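Right, one structure below, let's go through it.
The values are calculated or read from the model by the stated rules, or taken from the named source; none is laboratory data. Here the structure is a predicted model, which means the values were calculated and not measured. Glycine gets a Cβ as well: all are built from the backbone with ideal geometry, and neighbour counts include every protein chain shown. Ligands, DNA and RNA are excluded from the accessible area calculation, which covers all protein heavy atoms including side chains. Shrake-Rupley method; radii C 1.70, N 1.55, O 1.52, S 1.80 Å.
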Amino acid sequence: MAVSQSANILDGARIAAEIQAEVAVEVQRLAAQGIRPGLAAVLVGSVPASQIYVRSKVQTCEQLGIFSELITPPATVTTEEMLALVAQLNAREDIDGILIQTPLPSQVDKKLLDEAVLPEKDVDGFHPINAGRLQAGQPALVPCTPAGVIEILKRSHLPIAGQNAVVVGRSDIVGKPAAMLLLHENATVTLCHSKTRDLARHTREAEILVAAIGRPGFITPEMVRPGATIIDVGINRITERSEFDRFFAGNAKREAAFASKGSVIVGDVHPKAFELAGAYTPVPGGVGKLTIAMLMANTVRAAKLRRAIAG
Ligand code: NDP
């Protein structure tokens, strides 16, 4: 198996910064028309990781000139109370986008909430109407992470049309919309999942391989076609020494991080598999960086769509 000597590392931070700079220009353009896009971020309870994500989303809004409001219902909130909150936000003229951070407490019915958010304020792209529009190839608010996957490929000038693209993972949030977006870009798409027979037979055919599985280092070198573009969506925290060694034995930088924090993040692709790639997104520093940038882009898009402003 030929090992690529110079796999191209796709820098998510750089691409995210580029998108955010474009969003800031767009926000200024809207400001000249007296419009300020607004995002409501709903953070239920006090899950530490969610607090970090939401804080970072609100901060990015501030940096780009987008209005944001953080709403923090307690962990005991009911579905009915959440539906009432969504109805208020739907009715507010100053709010263009509604974000409900997950995970939600088990008593809250997430599906009902997803359907309660007005499709035109659904900046996460989770409403069935937006999912349907995406499938039909109509203008839609598209889920942020898969939208980020396409931006990485396009802005890195990697070919999509005609390529064999294999997506592993079929969640409504990542895998399914990623497959649909790749199809709209004229890739030949295979969508794999936990019931797929002989997964490696499919992944070895992939010129573009998107891993969105939620299992650390699941895609191993034997599953990769040399020279493939690998997009690793996975974010998995490793705390066990044995697991750490399985992925990062001999990696001084990761060793130092593990020693100081007691954990490291690994994607759904084994680091050894990246050595075969033509190009790949690192974890961290790849797709994850795009998710907030695409949320900002969606918020501005929602502000424009709602007011029928073109562009
Ligand atoms: P889900 O758990 O919702 O979906 C996982 C998918 O992987 C399912 O479709 C499942 O198949 C499939 N799968 C699980 N095991 C296997 C297997 N052995 N073989 C083949 N397929 C398998 O996860 P998400 O889509 O929400 O997230 C996926 C990953 O992406 C996670 O690591 C998550 O942390 C990360 N993520 C990263 C984001 C970012 O900003 N970078 C944003 C969102 C998620 P089946 O349907 O048959 O069960």
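Within the assembled protein chains, the solvent-accessible surface assigned to Ile235 is about 100 Å², based on a 1.4 Å probe. Cα centroids of segment 219-260 and segment 20-94: 33 Å apart. Heavy-atom accessible surface of Ser194, to the nearest 10 Å², is about 100 Å², with a 1.4 Å probe and all protein chains retained. Ordered by solvent-accessible area of protein heavy atoms (1.4 Å probe), largest first, the residues Ser263, Ser46 come out as Ser46, Ser263. Counted over all Cα-Cα pairs of segment 136-187, pairs farther apart than 17 Å make up 29 percent. Seen against the Cα atoms of the chain and their longest principal axis, helix 287-306 is set at about 30 degrees. Computed on the Cα atoms alone, the convex hull of segment 20-148 gives a volume of 112 cubic angstrom per residue.
Measuring only protein heavy atoms, the 1.4 Å probe finds Arg246 accessible over about 120 Å².
Per residue, the chain exposes 47 Å² of accessible surface when a 1.4 Å probe is rolled over the protein heavy atoms with every protein chain present.
The charge dipole of segment 143-289, taken about the Cα centre with unit charges on the Cβ atoms of Lys, Arg (+1) and Asp, Glu (-1), comes to about 160 debye, rounded to the nearest 20. Computed over segment 20-120, relative contact order equals 34 percent, with contacts defined as Cα pairs under 8 Å that lie 6+ residues apart.
Please build a GNM for the chain, connecting alpha carbons under 10 Å apart, and tell me which residue among Ala256, Ala21, Ala293 fluctuates the most. Answer for the Gaussian network model of the chain: Ala256.
Working note: Cα atoms of segment 266-309, range along each principal axis, descending, whole Å: 49, 19, 13.
Take the Kirkwood radius over Cα pairs of segment 1-75, plug it into Stokes-Einstein at 25 °C and 0.890 mPa s, and you get 164 µm²/s for translational diffusion.
Which entries of Lys110/Lys289; Lys111/Lys304; Lys57/Lys289; Lys154/Lys304; Lys57/Lys121 have Cα-Cα distances beyond 19 Å here?
On the way: Lys110/Lys289 25 Å; Lys111/Lys304 26 Å; Lys57/Lys289 11 Å; Lys154/Lys304 23 Å; Lys57/Lys121 16 Å.
Those over the limit are Lys110/Lys289; Lys111/Lys304; Lys154/Lys304.
Quick check: from the Cα gyration tensor, does segment 14-57 come out rounded (a/c under 1.5), prolate or oblate? It is oblate, given that a/c is not under 1.5 and a/b is not larger than b/c.
A Cα-only calculation for segment 233-311 places Rg and Dmax at 18.0, 55 Å. Once the Cα-Cα distance is subtracted from the 0.36 nm per residue extended length, the Thr76 to Glu18 segment shows a gain of 16.9 nm.
Counting only alpha carbon atoms, the long axis of helix 79-91 and the longest principal axis of the chain meet at about 70°. Computed on the chain, with alpha-carbon pairs under 8 angstrom and 6+ residues apart, the relative contact order is 23 percent. Report, to one decimal in Å, the Kirkwood hydrodynamic radius for the chain based on all distinct Cα pairs. Roughly 20.4 Å, rounded to one decimal. The calculated pair-distance distribution of segment 143-289 uses every alpha carbon pair, bins of 10 angstrom beginning at 0, and gives 12, 44, 32, 11, 1 percent.
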